[in-house]
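Q: Before I ask anything, let me first share the structure, which is written out below as C-alpha cells.
The values are calculated or read from the model by the stated rules, or taken from the named source; none is laboratory data. Because the structure is a prediction, the values reported are computed rather than measured. Reconstructed Cβ throughout: ideal geometry from the backbone, glycine too, with neighbour counts over all protein chains shown.
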Amino acid sequence: MSKHGKRFLLARQEVKEPAYELQEAVRLLKRLPQPKFDQTIELHLKLGVDAKQSDQQLRGAISLPAGVGRKRRVIAFCAPEAVEGAKKAGAVEAGGDDLVEKITGGWADFDVAVAHPQMMKNVAKLGRILGPQGKMPTPKAGTVGPDVPALVGEFAAGKVEYRNDAGGNIHAAVGKISFTEQAIVDNVLAFLEHIRKRKPASAKGQFVQRVVLTATMSPGIPLDLKTLPVGV
C-alpha cells in the first residue's frame, strides 16, 4: 500500500514533465490540491561537493526578498547592558551565564540562538546541547556578531539558515503557498544566486546538479537548470 494519501497521489499525477521552468513550476505548485493549512514552500538542492571535505561544506544564512512567512523564536547571548536592546528587537530571552544555565537545565523553547563574539566563551559549554539541534551560534551561520539587536531582528523576521547534509544536499524554506507567484520566484532566485556565489573553490564539475521545488505535503517539482537565469 502507498504511504501517501489520496490528495498527494492526485497531486503527483499533475507533475508530468521531467523538469519545469521556474515560473511554470511555481504556478503548478500553487494549483495542486492543497491541504487546509498554509504550506511552507521548500527548495532542495543537490550540490556537486564532497561533504566530507571541510573546505567544501556550505553553511550560512540569507534574508529573502519576500521573507518566509513566519516569525522565529530567537534568543540572544549578550552582556547585561545589551539585554534590554535584544529583547526590544524581538528576543524571547537574552542574557549571559543565566541563559546558559537555563538551557543546561533543559529549556529549549526557541528556534535560533545568536551571540555577541565576546559571549562565545560562555556559550561554548552548550555545544553538546545546541550542536545536535543545529542551534549553536556560529559565525558561519551568521548568528554571531557585534550588533546583537540587528541579528535578533533579522532572524526573528525569518532569515533563512542553511547547511549541506552528508550527501551534499541543501534544504531551505523559501516562503508559503499563500505568497504570490512573483514573491516565490523572487525568493527562489535570490537563494539560488546566493548559493551560486558560495561555490567552494575546490569543488569540481557542475556545482548545482539538481533543484526541486516542493511544499510541506506536495510532491517535488524538478526545475530546469538551463532556464534559471542565475548561472547554476
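Q: Quick check, is K30 in a strand (DSSP E or B) and in the same structural domain as R198 (by TED's automatic domain parsing)?
A: No; evaluated as a whole, the condition is false for this residue.
Q: Which pairs have Cβ atoms under 7 Å, sit 6 or more apart or on different chains, and link a residue in the range 127-142 that is in the same structural domain as H116 (by TED's automatic domain parsing) to one that is part of a loop (DSSP other than H, G, I, E, B) and β-branched (V, I, T)?
A: P137/T143
Q: Out of the residues in the range 13-27 that are of a type outside the set (D, E), outside any loop (DSSP other than H, G, I, E, B) and surrounded by fewer than 17 Cβ atoms within 10 Å (Cβ to Cβ), which is modelled with the lowest pLDDT?
A: Q13
Q: Where residues in the range 177-202 are out of contact with any strand residue (DSSP E or B) (no Cβ under 8 Å at 6 or more places or on another chain) and small (G, A, S), which of them is surrounded by the most Cβ atoms within 10 Å (Cβ to Cβ)?
A: Among those residues, the one meeting the criterion is S178.
Q: From the residues in the range 39-60 that are surrounded by fewer than 17 Cβ atoms within 10 Å (Cβ to Cβ) and modelled with pLDDT of 95 or more, which one is farthest from K204 (Cα to Cα)?
A: Applying the filter and picking the extreme gives H44.
Q: With (1) of a type in the set (S, T, Y); (2) in contact with a Gly (Cβ under 6 Å, 6 or more places away or on another chain); (3) surrounded by fewer than 17 Cβ atoms within 10 Å (Cβ to Cβ) as the list, and T214 as the residue in question, which single condition is left unmet?
A: Of the numbered conditions (1) of a type in the set (S, T, Y); (2) in contact with a Gly (Cβ under 6 Å, 6 or more places away or on another chain); (3) surrounded by fewer than 17 Cβ atoms within 10 Å (Cβ to Cβ), the odd one out for T214 is (3).
Q: Quick one: which residue in K88, K36, K102 is surrounded by fewer than 18 Cβ atoms within 10 Å (Cβ to Cβ), farther than 30 Å from K204 by Cβ and touching a residue at least 12 places away in the same chain (Cβ under 8 Å)?
A: On inspection, the qualifying residue turns out to be K88.
Q: With under 25 Å from H116 (Cβ atoms), in contact (Cβ under 8 Å) with a residue 40 or more places away in the chain and surrounded by 17 or more Cβ atoms within 10 Å (Cβ to Cβ) as the only criterion, which of F207, F155 stands out?
A: F155
Q: Is one or more of the residues making up the range 168-176 assigned by TED's automatic domain parsing to the domain that holds D38, surrounded by 15 or more Cβ atoms within 10 Å (Cβ to Cβ) and assigned to a loop (DSSP other than H, G, I, E, B)?
A: Looking through the range 168-176, at least one residue is assigned by TED's automatic domain parsing to the domain that holds D38, surrounded by 15 or more Cβ atoms within 10 Å (Cβ to Cβ) and assigned to a loop (DSSP other than H, G, I, E, B).
Q: Considering only the range 62-124, give the strands (runs of 3 or more DSSP E) lying wholly within it that have at least 1 residues that are more than 30 Å from I41 (Cβ to Cβ).
A: Output list reads 74-77, 93-95.
Q: Take A108 and decide whether it is in contact with a Pro (Cβ under 7 Å, 6 or more places away or on another chain), among the hydrophobic types (A, V, I, L, M, F, W, C) and not assigned by TED's automatic domain parsing to the domain that holds Q209.
A: Taking the combined requirement at face value, the residue does not satisfy it.
Q: Sort out which residues of the range 61-84 are crowded, with 17+ Cβ neighbours inside 10 Å and either closer than 18 Å to L192 by Cβ or acidic (D, E) (or both), and write them in order of number. Give the derivation first.
A: Taking the range 61-84 first, the residues crowded, with 17+ Cβ neighbours inside 10 Å are 61-62, 64, 66-69, 72, 74-78, 82-83.
Across the range 61-84, the qualifying residues are A61, I62, L64, A66, G67, V68.
Q: A follow-up question, please. Within the range 203-232, how many residues turn out to be part of a loop (DSSP other than H, G, I, E, B) and either touching a strand residue (DSSP E or B) at 6+ places or on another chain (Cβ under 7 Å) or modelled with pLDDT of 95 or more (or both)?
A: Restricting attention to the range 203-232, the residues satisfying the condition of being part of a loop (DSSP other than H, G, I, E, B) are 203-207, 216-220, 224, 228-232.
Restricting the remaining residues to those that are either touching a strand residue (DSSP E or B) at 6+ places or on another chain (Cβ under 7 Å) or modelled with pLDDT of 95 or more (or both) gives 207, 216, 220, 224, 232.
Of the residues in that region, 5 qualify.
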